[in-house]
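One structure is given here, and the rest of the page talks about it.
The values are calculated or read from the model by the stated rules, or taken from the named source; none is laboratory data. Please read these numbers as outputs of a predicted model, since none were measured by experiment. Neighbour counts are summed over all protein chains in view; Cβ atoms, including those assigned to glycine, are modelled from backbone coordinates with ideal geometry.
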């Protein structure tokens with residue numbers, strides 16, 4: 001008899017088997033000094049398995065201290081909100097969030113609200129939220145849109 005779907009907590013990572021891809025310590029974005037990454041996972045019942053990952057290029061006011069950026073498309077199927085301004089201006093001014101396809105609007109609200117409420121941003125009138133998506137409908141009831149802006153904003157909190 002076949003077992004249920006394998007979830008991340010049931011699978012062994014390559015690193016756990018002695019495979020060390022890449023030359024960096026963790027082969028992760030967090031190997032870059034100053035980059036902060038947060039994540040929120042939502043598991044509820046048998047049909048909600050989703051989350052969001054937030055990337056902050058540095059821990060200061062990102063809108064006031066923008067960072068150089070570029071866009072490289074490796075697979076033209078996924079969507080990326082905010083791509084035009086990054087391509088034209090070559091900079092990031094807010095946290096980058098990755099989430100499921102139907103929660104992109106909630107992620108944008110979370111990024112915009114977070115940016116507007118940073119000290120020093122009281123006069124900011126425009127925010128370019130950069131949101132990447134992936135369709136997690138194979139393991140998640142994506143139509144329930146199970147993430148709220150408040151949940152997604154928690155992913156951006158610094159550790160500790």
- Would a scan of region 41-59 turn up a residue that is over 19 Å from residue 139 (Cβ atoms), without any contact (Cβ under 8 Å) to a residue 60 or more places away in the chain and either part of a loop (DSSP other than H, G, I, E, B) or out of contact with any helix residue (DSSP H, G or I) (no Cβ under 7 Å at 6 or more places or on another chain) (or both)? yes
- Note on the structure: Only one of (1) buried (at least 19 other Cβ atoms within 10 Å of the Cβ); (2) part of a helix (DSSP H, G or I) does not apply to residue 146, and that is (2)
- Task: Could you check, for region 109-132, whether at least one of its residues is modelled with pLDDT of 95 or more, assigned to a strand (DSSP E or B), touching a helix residue (DSSP H, G or I) at 6+ places or on another chain (Cβ under 8 Å) and within 21 Å of residue 77 (Cβ to Cβ)?
- Result: yes
- Task: Output the qualifying pairs, or none if there are none: Cβ atoms under 6 angstrom, residues six or more apart or on different chains, first residue in region 115-131 and on the phi > 0 side of the Ramachandran plot and in contact (Cβ under 8 Å) with a residue 40 or more places away in the chain, second residue in a loop (DSSP other than H, G, I, E, B) and surrounded by fewer than 16 Cβ atoms within 10 Å (Cβ to Cβ).
- Result: 120/61; 120/64
